[in-house]
1. What Cys residues in the chain are without a partner cysteine, judged by a Cβ distance under 4.7 Å?
2. Write out the chymotrypsin sites (Phe, Trp or Tyr not before Pro) in region 52-122 meeting two conditions: DSSP loop, and at most 10 other Cβ atoms within 10 Å of their Cβ.
3. So which trypsin sites (Lys or Arg not before Pro) in region 1-74 are both in a DSSP loop and have at most 14 other Cβ atoms within 10 Å of their Cβ?
4. Ignoring ligands, DNA and RNA, what percent of the accessible area of the chain is carbon or sulfur (1.4 Å)?
5. Given the chain, what whole percent of its Cα pairs are spread farther than 19 Å?
6. Near Thr119, within a Cβ-to-Cβ distance under 14 Å, what is the net charge of the other residues, with Lys and Arg +1 and Asp and Glu -1?
7. Hand me the GluC sites (Glu not before Pro) from region 9-46 located in a DSSP loop with no more than 13 other Cβ atoms within 10 Å, in residue order please.
8. Using the heavy atoms of the protein chains alone and a 1.4 angstrom probe, what is the accessible area of the chain per residue in square angstrom?
Amino acid sequence: QVQLVESGGKLVQAGESLRLSCECRGRTHGDVTMGWFRQTPGLEREFVASMDWSDEQIVYADSVKGRFTISRDYTYNTMSLQMDSLKSEDTAVYYCVGGFRAGVMASEYDFWGQGTQVTVSS
């Protein structure tokens, strides 16, 4: 069983940066894809970014490309999302996710963290 624990969400001003972290507890096997989704009230969960842990192939949503960077820390088995030039529309609950050969659909991910709130004030 895999447990994902996010941290780092908080209130920031537009234009500032924020780094989210996700600790992966438990053992994973196979073609693991780790990533981030976000959700605002009343809307569907939105894909943000993902990384295949076998070949480190990375995918970003167009809305965050060039501003967000996903990375992995092999030593501590954690994943991070560096968010720069934040905008008010980035305000959401951010979820760390894990799946096997997963893409950009929420249904493709089997493991979800509890979420961490990011609020960007303009």
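The values are calculated or read from the model by the stated rules, or taken from the named source; none is laboratory data. Predicted model, so just to flag it, every value in this text is computed and none were measured. Using ideal geometry, Cβ is built from the backbone for each residue, glycine included, and neighbour counts are taken over all protein chains shown. Ligands, DNA and RNA are stripped out before the accessible areas are found, and what is left, the full protein with its side chains, is counted by its heavy atoms. Shrake-Rupley method; radii C 1.70, N 1.55, O 1.52, S 1.80 Å.
1. Cys24
2. Tyr74, Tyr76
3. Lys10, Arg27, Lys65
4. Values: 3010 of 6500 Å².
The nonpolar share, carbon plus sulfur, comes to 46 percent.
5. Working: 2990 of 7381 pairs.
The answer is 41 percent, as a whole percent.
6. Values: positive: Lys10, Arg38, Lys87; negative: Glu16, Glu89, Asp90.
Cβ neighbours under 14 Å give a net charge of 0.
7. Those satisfying the criteria are Glu16, Glu44.
8. On the way: 6500 Å² over 122 residues.
I get 53 Å² per residue for this part.
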